[in-house]
1. Filter region 170-203 down to the residues that are farther than 30 Å from residue 336 by Cβ and either in contact (Cβ under 8 Å) with a residue 40 or more places away in the chain or in contact with a strand residue (DSSP E or B) (Cβ under 6 Å, 6 or more places away or on another chain) (or both) and list them by number.
2. Please find, among 410, 368, 418, the residue that is hydroxyl-bearing (Ser, Thr, Tyr), farther than 30 Å from residue 291 by Cα and either touching a Phe, Trp or Tyr at 6+ places or on another chain (Cβ under 9 Å) or assigned by TED's automatic domain parsing to the domain that holds residue 500 (or both).
3. Does region 186-198 include one or more residues that are more than 28 Å from the chain's Cα centre (by Cα) and not in a loop (DSSP other than H, G, I, E, B)?
4. Consider residue 42 carefully, then state whether it is touching a residue at least 12 places away in the same chain (Cβ under 8 Å), more than 19 Å from the chain's Cα centre (by Cα) and over 13 Å from residue 91 (Cα atoms).
5. Kindly evaluate residue 347 against the criterion of being surrounded by fewer than 16 Cβ atoms within 10 Å (Cβ to Cβ) and not in a helix (DSSP H, G or I).
6. Within region 447-471, how many residues turn out to be among the acidic types (Asp, Glu) and more than 16 Å from residue 416 (Cα to Cα)?
7. Would you tally the residues in region 377-386 being part of a helix (DSSP H, G or I) and within 19 Å of residue 495 (Cα to Cα)?
8. Quick check on this structure: which one of 57, 104 is free of Cβ contacts under 8 Å to residues at least 24 places away in the same chain and either among the small types (Gly, Ala, Ser) or not in a loop (DSSP other than H, G, I, E, B) (or both)?
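The values are calculated or read from the model by the stated rules, or taken from the named source; none is laboratory data. Predicted model, so just to flag it, every value in this text is computed and none were measured. Heads up, the Cβs are rebuilt from the backbone with ideal geometry, glycines too, and the neighbour counts pull from every protein chain shown.
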Amino acid sequence: MAEKKPYYITTAIAYTSGKPHIGNTYEIILTDAIARFKRSQGYDVRFQTGTDEHGQKIEEKAAAKNVTPKQFVDGVAAQIKDIWDLMNISYDKFIRTTDADHEKQVQKIFKKLYEQGDIYKGTYEGMYCTPCEAFWTPSQLKDGKCPDCGREVKPAKEEAYFFRMSKYADRLLRYYDEHPEFITPVSRKNEMVNNFLKPGLQDLCVSRTSFKWGIPVDFDAKHVVYVWLDALTNYITGLGYDADGNSGKLFEKYWPADVHVIGKDIIRFHTIYWPIFLMALGLPLPKQVFGHPWLLMDGSKMSKSTGNVIYADELVKVFGVDAVRYFVLNDMPFDNDGNITWELITDRVNADLANNLGNLVSRTAAMSLKYFDGVLADKGAKEPTDDDLRQSAVALAGKVAAKMDEFKISDALGEIFSFLRRCNKYIDETAPWILAKDEAKKDRLSTVLYNLSESIVIAASLLQPFLPETAEKIAAQFNTKLRSFDELNVFGKIENGSKVSPTETHLFARRNYKEIEAQYEQMHAQAAKPEQQKQPKKSHEPEYPAEISIDDFAKVRMQIAKVVACEKVAKSEKLLKSTVQIGQETRTVVSGIAKYYAPEDMVGRKVVMITNLKPAKLCGIVSEGMILCAENEKGELRLLAPEKDIEDGSGIF
């Protein structure tokens, strides 16, 4: 038996800043479909995904929640993995950039590149975007903001190590010319050449000193490895790459990667920085980088800050796993952004899954059970329309494979569902219910139902990479196994005498959008209750709770307090511990305001404080109240204070 050809496919690793929405989840579903299809073709597939867990943004989010960065990323990584598993993703390796073996190799790689002169120490001065973990020169900004995400940037200056990108720019351009298939779609390649390489490639900052949550540079304790050198190298460290030359068998077998599947927003990092890192390490480049488009929410890019997001687990609760997989794979074009709304999904499920696929399977199985007690047999009673159906069936695998080779996943699904429509048309052409009325046409009826059943099994086998659970259900109903790709060029593999199994449920039920809308609103209303209790609104126009009575307001005791002492909390970069005087009483209060107020700025201030709040322990300190602040839409805090001086302990009414 010939050895299987290896095929290594990866997603970008998900950033552990929070729960991924369906736009983020699309990538893992897309990559899973490609990996499953390659397995069906007989490839020895290695499918890697994982999480990107270092950086300033993570450090700040952890501080805001009063947990360590590792505790924070542990929670988010588990959440991401749960969603990947929910969506039936068949990955072979889930790597985390906090894995000890990854961190060790990143340190080795950094040192190797430094010692060979590709990395040097300097000083960085520019504009920094924390959400994107990216430095920009003023000329690169768009309307004074980050060109990638459109958010505010801040001036930054610090000592840093840099990678000599310019050293490899010409070599990379030659590689593009010699490997036109390297970047797909081709529009992504044109963008990289015209916007970044031809104007002149700047050296890249690869270390930071202004935060600590990163992999330490082991020969310079002040520095941590900057995000992209850390994150991108996961593709080789996850295979057992060793910078000292002792790489494992997995690396020898699977590298270079056949394809990195990534979002179009990070194409620059994967087609400029990553290839240059590999050139410097003396390693072959990945064969292809596929920069897929975005899945938009009702025409706009999904953003948690604006609230226009849908989460995969929400969709699954309403439609089921395979329906969600089908929608995102079918409705995402190859080179243009797709669009998702609850109404669009409902329409797609009804038209394609319930009507076209589900109804075909249900009708065929029901007629086989009704007329032949479920027994399938090709009696050879052929008519010309049978040849057209059979030819379409055996040609289907080749058509699907051609689209998959180009990563045109939606078009591949389109070929399958076009064939399913042909099967439904075949039912109309042959009219089995009329054949059943004539005993002399019993053999013809048996042949028609056999042809339909065989066609359905072929379609289900090709659907398996996209709708794995549904494909298995169809195969089980027809008492057969799903076929490998090599078995799909022959029509008639169902053995005569095989039996269709009865089932009481449809593969996909038709859905009413008004009911879906009500279910979604109810689900969100229930989910919002605990969130509203836990998290303040990040807006200068917050959503307030329902109206309260004057009696409810009277339960909150607010008084003027004077800060007599203040210090930073040792275990947190966000918290200040204040000692306050309230009339004759002294209390300790912990507040998350260290980003905006230094301890010395607090001493002597008079502030507004809630004094009958139940004490809470923060970082081991009992906080006996709450100092009130105002918060604007940028998340900036300002203390509330009396307009004129007044005695501490004074009540607020």
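1. Scanning region 170-203 gives 171, 202, 203.
2. 368
3. Among the residues of region 186-198, at least one is more than 28 Å from the chain's Cα centre (by Cα) and not in a loop (DSSP other than H, G, I, E, B), which makes the answer yes.
4. yes
5. Working: surrounded by fewer than 16 Cβ atoms within 10 Å (Cβ to Cβ): yes; not in a helix (DSSP H, G or I): no.
No.
6. Number of matching residues: 1.
7. Start the filter on region 377-386 by keeping residues that are part of a helix (DSSP H, G or I), which leaves 384-386.
After this cut, where a residue has to be within 19 Å of residue 495 (Cα to Cα) as well, the list is 386.
Residues flagged as part of a helix (DSSP H, G or I) and within 19 Å of residue 495 (Cα to Cα) within region 377-386 amount to 1.
8. 104
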